[in-house]
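Report on one structure; see the data block that follows.
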Amino acid sequence: MTMKIAVLPGDGIGVEIMAEAVKVLDCLHSGFGLDIETEQGLVGGAGYDTHGKPLPDETLQLAKDADAVMLGAVGGYKWESLDIAVRPEKGLLGLRAELELFANLRPAILYPQLAGASTLKPEVVSGLDLMIVRELTGGIYFGQPRGVRIRDDGQREGFNTLVYSESEIERIGRVAFDIAMKRDRRLCSVDKANVLECTELWREVMESVAKDYPDVELSHMYVDNAAMQLVRAPKQFDVMVTTNMFGDILSDCAAMLTGSIGMLPSASLDANGKGMYEPIHGSAPDIAGQNKANPLATILSVAMMLRYTFDETDVAQRIENAVGAVLDKGIRTVDIWSEGMQEVGTTEMGDAVVAALREAK
Ligand code: IPM
Ligand code: MG
């Protein structure tokens, strides 16, 4: 089967990290005989500069025609003063909405080699393996009405809408319960049901979905407590499921438990397993073009793509093992560097992973 992959590097370090992921894809093609076809497209600021829109029509078509999409990162200082409707972030949000990628899986796994790189004590994070399931196409990110309006008294006021239908809550709930079934069967649903009606409904629907999963232990937590628990005792969690915005915030927090935000991959899936795969970090304009960015989150996103869209579990595992082997050798980009380790740049890190993949063949 041909695997048609749309490659969208985006902006900032997106371009550099994606080049390393493409090296891995090339290696899978030439060394492992996978029938991979890639085509590149522009998105984010790069799309705006060339086509006047963060999600150019040809990029959307390319993504729709592909079996899976690899995305780098979008955004940068250069585009910050643009109207919100054409900002780079809208390219990413447009892809998520147009492809109906409602289920965002963000695993936070601590590689044992990086226990010392976390800002938390090694005993708090060692052995960490948690999965955040974030709703991705609804909630306050997409709710209408939204905007900035002038009030009768002449003041401007900004407004957004947090809205979830029962069916939206139920479908993300089912994804989370299904994942929990394959793991430790513990699911924590995160909401703000003490204040927000919308998430009171969220809680109720999660309870009703739970009836179909008697083997999964469902618990509920308010988002403020969840943020605290994530840094206090993160190993208490197996799978967390939450809304679009809470998931955005909690996943950055979870990322730091693993040593660096440069380590976390993600999968955004539709109802049929088609997916877009991207690191959870942003375009980091402050270090763009300096060969400093950590490409491992993007490379690990390639592994997620092989697992979730193409069912190539074995190859996915090999990529993850190759990353482990590179870390075993003490090779580190600056974000995960610690005393005694060898500091390398983005391209050297990508080369090291490809070499480890070849060696283990
Ligand atoms: C993420 C990012 C995006 C989000 C931005 C870039 C729109 O922070 O994927 O977590 O808020 O979803
Ligand atoms: Mg985010």
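If you check every pair at least six apart or on different chains, which have Cβ atoms under 9 Å apart with a residue in segment 120-137 that is under 10 Å from A254 (Cα atoms) and without any contact (Cβ under 8 Å) to a residue 12 or more places away in the chain first and a residue that is in a loop (DSSP other than H, G, I, E, B) and within 14 Å of ligand 1 (Cβ to nearest atom) second?
Within 9 Å, no pair qualifies.
Quickly run through segment 272-291 and pick out the residues that are of a type in the set (D, E) and in contact with a Ser or Thr (Cβ under 8 Å, 6 or more places away or on another chain).
E278
Go through segment 87-106 and count every residue that is more than 14 Å from ligand 1 (Cβ to nearest atom) and not charged (D, E, K, R).
1
Does A322 satisfy being of a type outside the set (V, I, T) and either over 23 Å from L8 (Cβ atoms) or in contact with a Ser or Thr (Cβ under 8 Å, 6 or more places away or on another chain) (or both)?
yes
Looking at A73, A19, A63 in this structure, which one is open to solvent by 40 Å² or more (accessible area, probe 1.4 Å) and either closer than 30 Å to G147 by Cα or in contact with a Pro (Cβ under 8 Å, 6 or more places away or on another chain) (or both)?
Only one candidate passes the filter, namely A19.
Could you pull out every one of the strands (runs of 3 or more DSSP E) wholly within segment 190-296 that has 1 or more residues that are within 16 Å of ligand 2 (Cβ to nearest atom) and of a type in the set (F, W, Y)?
So the answer is 275-279.
Does at least one position in segment 132-154 carry a residue that is more than 14 Å from ligand 1 (Cβ to nearest atom), in the same structural domain as M206 (by TED's automatic domain parsing) and within 23 Å of the chain's Cα centre (by Cα)?
yes
Can you find a residue that is part of a loop (DSSP other than H, G, I, E, B), on the phi > 0 side of the Ramachandran plot and open to solvent by less than 80 Å² (accessible area, probe 1.4 Å) anywhere in segment 318-331?
Looking through segment 318-331, at least one residue is part of a loop (DSSP other than H, G, I, E, B), on the phi > 0 side of the Ramachandran plot and open to solvent by less than 80 Å² (accessible area, probe 1.4 Å).
Quick test of your reading of the structure: E39 fulfils all but one of (1) crowded, with 24+ Cβ neighbours inside 10 Å; (2) away from ligand 2 (no atom under 16 Å from the Cβ); (3) over 26 Å from T333 (Cβ atoms). Name the failing condition by number.
Only one criterion is unmet by E39, namely (1).
Residues checked against (1) under 19 Å from the mean Cα position of the chain (by Cα); (2) of a type outside the set (G, A, S):
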residue	(1), (2)
T38	no, yes
G45	no, no
T50	no, yes
P56	no, yes
T59	no, yes
A68	yes, no
V74	yes, yes
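Can you work out which of the residues in segment 97-125 that are surrounded by fewer than 20 Cβ atoms within 10 Å (Cβ to Cβ) and within 16 Å of the chain's Cα centre (by Cα) is nearest to ligand 2 (Cβ to nearest atom)?
That would be A97.
The values are calculated or read from the model by the stated rules, or taken from the named source; none is laboratory data. None of the values given here were measured: they were computed from a predicted structure. Counting neighbours? That spans all protein chains shown, and the Cβs are built from the backbone with ideal geometry, glycine included. Note: accessible area is taken over every heavy atom of the protein model, side chains too, but ligands, DNA and RNA are not part of it. Shrake-Rupley method; radii C 1.70, N 1.55, O 1.52, S 1.80 Å.
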